[in-house]
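Following: one structure in structure tokens, then a few remarks.
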Amino acid sequence: MTIGGAEMVDWNLAVATATRLVRPGPEVDREQAREVVGELRRHAEASERHVREFTSMTPPDGTPDLGGTPVLIVDRPGWIKANVAGFREVLRPLLDKMQARRANVPGSAVISAVGGKVTGVEVGMLLSFLSSRVLGQYETFAPATHDLPAGPATLEPGTAQQGRLLLVAPNIVHVERELDVAPHDFRLWVCLHEETHRTQFSAVPWLRDHIEGEIQSFLAETEVDPATLLERVREALQSLGGRDGAEGEDRPEVGRSMLEIVQTPTQREILSRLTAVMSLLEGHADYVMDGVGPEVVPTVAEIREKFQRRRQHGAGRIDLALRKLLGLDAKLRQYKDGERFVNAVVRQVGMTGFNRVWTSPNTLPTRQEIADPEKWVARVHSK
């Protein structure tokens, strides 16, 4: 939806800004580039078999198999375009609501035009930073475009296409060189992680709709009245900056980020559930890539040790500061907490027992259960 031809976010400007600011990838000649692309495609295909055998996860009878979704080997601008398309799709209901709220405001067309360009630049700057760091990604909500095909619809006939696996070739080459690890092994190791995500969504048909429903519920709770939002931000800043006691007693806001404070109580509950499921998905992918690794990746122990050190320490002070600002540190904790949960559950009830996590939304772990896996085992396996 647009007002006066202006969108709330100028997505074309976001793409243009990000591609203009993105750093060039590592130097490779044409023959090397072809070799990298070909090997990543072969590894992605092989990873599908390895992951399914290790996890025992297959689509239910009669369910379309997302294993046939496209595997796209992209450069950094290609990753940017794909993610802008995904953002645009997921955020559409919220932006439409904001546009409708502004429809009767004097000067709304000018406000939308200016605001859309400002936001487009901001989104572009964020994506330019991330585009040189992401190795791969399974795009769950990806709409198909001419340049970026997506997988077949999984619901009723006529539903939008969805799902594609992205592998960012220049970033994979950059990291394998930085870590000084065997390229063949590292590329397969990365593919195992990303293929696990594709397997999660292909074997668990309800998972995509569940996550999308949570995201849309979160966005529906977003306060679109600027005055109210500004007041909430002001209160948040006051709570972060001032303390009643020496250690902030009786101030539950102390120690929480401003983002958490400006959320409504309902949003915090939704975010807690989303954090738990994302910890599960990321931790499960790490568990699988390391579990399959010894059989097919001879240097998996060296790769894991070096990669984990890189994750924890980043590339430098600026990188660490940006990661903290953007909340990427929380994502790193999701990997660690989720993998610890999967490890503990599999040790206690085996892979078959762990796979009960995929039965329904009710069997997904809570944040408390991610931190204390025995609580999940007691709740789910006592039935």
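For region 337-383, a residue qualifies if it is farther than 17 Å from ALA276 by Cα, in a helix (DSSP H, G or I) and of a type outside the set (Ser, Thr, Tyr), and the qualifying residues are VAL346, ARG347, GLN348, VAL349, GLY350, MET351, GLY353, ALA378, HIS381.
How many of the residues in region 366-383 are aliphatic (A, V, I, L, M) and under 18 Å from GLU269 (Cβ atoms)? So the count comes out to 2.
Quick one: would you say LEU207 is buried (at least 17 other Cβ atoms within 10 Å of the Cβ), closer than 30 Å to PRO265 by Cα and at pLDDT 90 or above? It is true that LEU207 is buried (at least 17 other Cβ atoms within 10 Å of the Cβ), closer than 30 Å to PRO265 by Cα and at pLDDT 90 or above. Just a yes or no: is a residue in region 20-27 at pLDDT 90 or above, surrounded by 19 or more Cβ atoms within 10 Å (Cβ to Cβ) and closer than 29 Å to VAL204 by Cβ? No.
Per the listing ARG367, ARG310, ARG340, the residue uniquely modelled with pLDDT under 90 and under 26 Å from ARG198 (Cβ atoms) is ARG310.
Given the residues GLU269, GLU302, which is the only one that is modelled with pLDDT of 85 or more and over 21 Å from ARG187 (Cα atoms)? Talk me through it step by step, then tell me what you get.
Details: GLU302 fails: over 21 Å from ARG187 (Cα atoms).
Selected residue: GLU269, the only one of GLU269, GLU302 that is modelled with pLDDT of 85 or more and over 21 Å from ARG187 (Cα atoms).
Take the conditions at pLDDT below 75 and in a helix (DSSP H, G or I) and apply them to ASP147. Does it pass? Here the answer is no, as ASP147 does not meet what is asked. Taking region 173-192 as the range and being surrounded by fewer than 22 Cβ atoms within 10 Å (Cβ to Cβ) and touching a Leu at 6+ places or on another chain (Cβ under 8 Å) as the test, only VAL175 passes. Taken across region 196-203, residues that are modelled with pLDDT under 95, more than 18 Å from the chain's Cα centre (by Cα), assigned to a helix (DSSP H, G or I) and buried (at least 16 other Cβ atoms within 10 Å of the Cβ) do occur, with at least one present.
Of all residues in region 73-92, those satisfying the criterion of being among the β-branched types (Val, Ile, Thr) and in a helix (DSSP H, G or I) are ILE80, VAL84, VAL90.
For every residue, the table says whether it meets (1) buried (at least 17 other Cβ atoms within 10 Å of the Cβ); (2) at pLDDT below 90; (3) of a type outside the set (A, V, I, L, M).
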{"position": "LYS324", "(1), (2), (3)": "no, yes, yes"}
{"position": "ASP329", "(1), (2), (3)": "no, yes, yes"}
{"position": "VAL346", "(1), (2), (3)": "yes, no, no"}
{"position": "HIS381", "(1), (2), (3)": "no, no, yes"}
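Step by step: first the residues of region 40-63, then only those that are of a type in the set (Val, Ile, Thr) and more than 18 Å from ASP286 (Cα to Cα), then the one that is modelled with the lowest pLDDT. Which residue is that? Only one residue fits best here, namely THR63.
The values are calculated or read from the model by the stated rules, or taken from the named source; none is laboratory data. Small disclaimer: the values here were computed from a predicted structure and weren't measured. Don't worry about glycine lacking a Cβ; one is built from the backbone with ideal geometry, like all the others, and counts go over all protein chains shown.
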